[in-house]
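Read the structure below first, then the notes.
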Amino acid sequence: MHIPFCPNPRCRYHHHKPACAGDVFRPYGSYATAAHGVVTRYRCRECKRTFSRQTFRVDYYTKRRISYREVTKRLVSCESQRAIARALGISHASVRNRIARQARQDIARLLELLPLATCKEPFVADGLESFCYAQDFPTHYTVLAGSKSQFLYGFTYATLRRKGRMTAAQKRRCKRLKPVYQRIVAPLSESFTALCEQLVRLCAEAAADRIVQDTDEHPAYRRAISAHPVLSAWRRCERYVHRTTSSKLPRTAANPLFAANYLDREIRKDLHEHARETVCFARNAPASLERFVVYAAYHNFEKRYRINQPPTDTTTHGEVAGIPREEIRAVTHRYRRTRAFASKLPLWGVFEEVWFRKAPTAFKTTPEYLPKHCKAA
Ligand SMILES: [Zn+2]
């Protein structure tokens, strides 16, 4: 097997390719496994670290082979994790584990392919409201979509305070939850500012000369845009335009917010945890974000652009956003075979938050468990 690099992030052959890999990474015995057959071990001549061919595979450290495609296909078809476990004859923990692995492969895929989008269409930003742990902890996914492609360019996540109509008992309970809210709630404008950062980064990479962004009339959006230094500067030189539309207008294809409304509908229909009145709601914020990333990559690079297009037409939302089909195929193929390493990726913003499981969950005060396959090596 070809060894691409040393898995030790502190070794010089982690970041620099050796002239002759065969000289640096020497075979160092082997071991038999029930799931993956005989696995050859190697040792790095430089740092003396030993590793195996499995170190570079998505199935690193697993004891059983499970199809990632099958798990993803079922997850994005509104199946609950327990239903997937029952259908595949595996445990619920195995399903969670494979979704977490797939999420990291998909982060790598998104980070590599997002900069290839041409950003020549107006952007639409809006929020999707759900909840995590209990309805007292509403969550807000702010999504950034392409108005023509419905490509999901970016998203942010925030936990909000419970609002809206409540009974007297619910009001009393929310009052008692104040210390929990203080720990996990972030203002919506902060979450929207992070989304603006993603927009600026994308447009700077694509050298987009005119950026149009549609949102509804939420005052937090306007505040975040006015306070953003780059967007304000771009607005002054007419490179950036912010348009607002009332959220009360009919949600038709002619609505400027159609792309966000469409994504809202698709996510609610495809991910069981976001369906109305679901009993399969999210219990853990980092795990919910991992499922969202898996859905984002599936929506962008695998799902057909329109269900009514002929079956032979496999155009995806990513292709409509200007990403070449060959690039999508090559990157997807690579990340189905080889494991993504945190130390090899330019992780930032929400991607870093998902990878290192940083999102806070109500009543959880201890650090989230970070499995070995999530670490650099
Ligand atoms: Zn090494």
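Some notes on this structure:
- Residues of segment 65-84 that are surrounded by 17 or more Cβ atoms within 10 Å (Cβ to Cβ), within 19 Å of Arg104 (Cβ to Cβ) and among the polar types (S, T, N, Q): Thr72, Gln81.
- Residue in segment 280-303 that is farther than 28 Å from Arg101 by Cα and in the same structural domain as Pro367 (by TED's automatic domain parsing) present: no
- Of the residues Ala285, Ala260, Ala253, the single one that is aliphatic (A, V, I, L, M) and surrounded by fewer than 23 Cβ atoms within 10 Å (Cβ to Cβ) is Ala253.
- Thr156 being among the hydroxyl-bearing types (Ser, Thr, Tyr) and either modelled with pLDDT of 95 or more or not assigned by TED's automatic domain parsing to the domain that holds Thr118 (or both): yes
- Residue in segment 309-325 that is over 25 Å from Ser77 (Cβ atoms) and either among the small types (Gly, Ala, Ser) or within 19 Å of the chain's Cα centre (by Cα) (or both) present: yes
- Flag for Thr167 being among the hydroxyl-bearing types (Ser, Thr, Tyr) and more than 24 Å from Arg291 (Cα to Cα): yes
- Every condition in (1) over 16 Å from the mean Cα position of the chain (by Cα); (2) among the charged types (D, E, K, R); (3) not in a strand (DSSP E or B) is met by Asp126 except one, and the failing one is (3).
- Condition met for Thr62 (within 14 Å of the ligand (Cβ to nearest atom) and either under 26 Å from Glu302 (Cβ atoms) or surrounded by 15 or more Cβ atoms within 10 Å (Cβ to Cβ) (or both)): no
- Selected residue (criterion: farthest from the ligand (Cβ to nearest atom)) from residues of segment 27-51 that are in contact with a strand residue (DSSP E or B) (Cβ under 6 Å, 6 or more places away or on another chain) and among the charged types (D, E, K, R): Arg41
- Residues located in segment 326-341, provided they are farther than 19 Å from Ser67 by Cα and either modelled with pLDDT under 95 or not in a helix (DSSP H, G or I) (or both): Phe341
- Of residues in segment 12-26 being surrounded by fewer than 19 Cβ atoms within 10 Å (Cβ to Cβ) and within 10 Å of the ligand (Cβ to nearest atom), the one nearest to Arg334 (Cα to Cα): Pro18
- Test result for His2, more than 9 Å from the ligand (Cβ to nearest atom), within 32 Å of the chain's Cα centre (by Cα) and at pLDDT below 90: yes
- Here the helices (runs of 4 or more DSSP H) wholly within segment 164-269 that include at least 2 residues being of a type in the set (Lys, Arg) are 168-176, 178-184, 219-227, 229-236.
- In segment 52-85, the residues that are among the aliphatic types (A, V, I, L, M) and out of contact with any strand residue (DSSP E or B) (no Cβ under 9 Å at 6 or more places or on another chain): Ile66, Val71, Leu75, Val76, Ala83, Ile84, Ala85
- Unique residue being closer than 18 Å to Gln81 by Cβ and basic (Lys, Arg) when the list is Arg334, Arg283, Arg306: Arg283
The values are calculated or read from the model by the stated rules, or taken from the named source; none is laboratory data. These figures come from a predicted structure and were not determined experimentally. Every residue, glycine among them, receives a Cβ derived from its backbone with ideal geometry; neighbour counts consider all protein chains shown.
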